[in-house]
Amino acid sequence: MSPDLAQLFEYFLIFIILLFVIGFYCILVSFNLIRILIGVEILIKAATLLIILAGFLCGRTALAQSIVITLIVIEIVFMVVGGGVTFWAFRHNEDIDPRKLSDLKG
Amino acid sequence: MTLDFILLSVLVLAALWTVMTIRLIHSIVGLAITSVILSIIMYRLNSPLAAVFELSVCAGLISVIFIIAVGFTERTSKKMFPAERKERLTRFWYLPFIIIAAALLMSQFLIVPHFELPPPAESQNVRNVLWNLKHLDLLGQVIVLLAGAFGVAVLFKESKK
């Protein structure tokens with residue numbers, strides 16, 4: 001890897017790790033289903049950026065883009081189903097606090 | 001490189017604002033801004049088709065889905081708002097410091113392995129890769145979309161009374 005590419009990789013890697021930290025913190029600390037979904041969304045964005053960066057560095061941008069398009073499709077489905085679960089939780093519990101979702105507890 | 005650095009900084013700041021802001025609707029706007037900046041970065045990394053997907057789907061469609069989900073929930077009353085803000089601040093005030101500390105530590109001590117990159121691929125056409133080389137993935141995407149549609153249909157089904 002040339003020094004320029006190595007420096008670019010290092011820059012991007014630092015910011016991608018920061019995005020992962022923000023996403024994980026949001027998931028761990030939030031008590032709201034929508035905010036948890038937002039945290040997952042930030043994690044997915046970090047993963048997307050990592051895939052695109054890998055494709056750019058390896059010269060395989062076409063492959064990276066096709067993987068990212070697949071990821072985006074899965075992301076939409078995840079968000080739609082997550083939104084449905086949130087709506088269902090609110091309809092049944094009048095709240096979207098995951099700590100109160102205890103109907104399945106044995 | 002400077003523009004990349006600015007864009008990445010704004011990306012992280014937008015994500016931080018998304019997570020830390022109190023109103024959910026502001027979080028959704030922050031997420032859309034994050035997606036827009038990510039699209040610009042992707043465009044600069046020679047991935048225009050993925051950038052367009054990110055812009056239209058993540059900044060557009062997913063924001064709409066979130067706004068619909070927020071529309072179903074109840075807004076925090078003005079009486080409860082200060083208490084909720086205080087409670088959120090106690091949980092989230094560490095985050096900017098963690099981010100700054102992590103950035104400083106990584107800029108000093110992060111060791112990036114200098115691996116040998118493989119030779120560039122022959123095919124550089126994303127449409128060719130998507131339709132000819134990865135057509136099984138396309139089938140998988142269709143199945144995932146169908147599964148999602150079924151999942152939503154099951155979740156939103158009204159019970160018969």
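The values are calculated or read from the model by the stated rules, or taken from the named source; none is laboratory data. Remember, predicted model here, so these are calculated numbers, not experimental data. Positions of Cβ are backbone-derived with ideal geometry, glycine not excepted, and every protein chain shown enters the neighbour counts.
Scan the stretch B:69-86 for residues that are surrounded by 12 or more Cβ atoms within 10 Å (Cβ to Cβ) and either modelled with pLDDT of 85 or more or assigned to a helix (DSSP H, G or I) (or both) and the total you get is 6. Could you figure out which of (1) more than 7 Å from chain B (Cβ to nearest Cβ); (2) in a helix (DSSP H, G or I) isn't true of A:Ile14? Evaluating A:Ile14 over (1) more than 7 Å from chain B (Cβ to nearest Cβ); (2) in a helix (DSSP H, G or I) leaves (1) as the failure.
May I ask you to verify whether A:Leu43 is of a type outside the set (Ser, Thr, Tyr), closer than 23 Å to B:Phe97 by Cβ, more than 7 Å from chain B (Cβ to nearest Cβ) and assigned to a helix (DSSP H, G or I)? Criteria met by A:Leu43. Tally time: how many residues in the stretch B:1-47 are within 21 Å of A:Leu37 (Cβ to Cβ) and not in a helix (DSSP H, G or I)? So the count comes out to 3.
Looking at A:Val73, A:Val68, A:Val77, A:Val81, just one residue is free of Cβ contacts under 8 Å to residues at least 60 places away in the same chain, under 19 Å from A:Arg35 (Cβ atoms) and within 8 Å of chain B (Cβ to nearest Cβ), and that residue is A:Val81. Counting only residues that are out of contact with any helix residue (DSSP H, G or I) (no Cβ under 7 Å at 6 or more places or on another chain) and not hydrophobic (A, V, I, L, M, F, W, C), the stretch A:19-61 holds 3 of them. Checking each residue in the stretch A:17-38 for being more than 7 Å from chain B (Cβ to nearest Cβ) and in contact (Cβ under 8 Å) with a residue 12 or more places away in the chain picks out A:Phe20, A:Gly23, A:Phe24, A:Ile27, A:Phe31, A:Asn32, A:Leu33, A:Ile36, A:Leu37. Selection of first residues in the stretch B:1-30 that are at pLDDT below 90 and of second residues that are of a type outside the set (Asp, Glu) and assigned to a loop (DSSP other than H, G, I, E, B), restricted to Cβ pairs under 8 Å at least 6 apart or on distinct chains, gives the following pairs, ordered by first then second residue: B:Leu24/A:Asn32; B:Leu24/B:Thr73.
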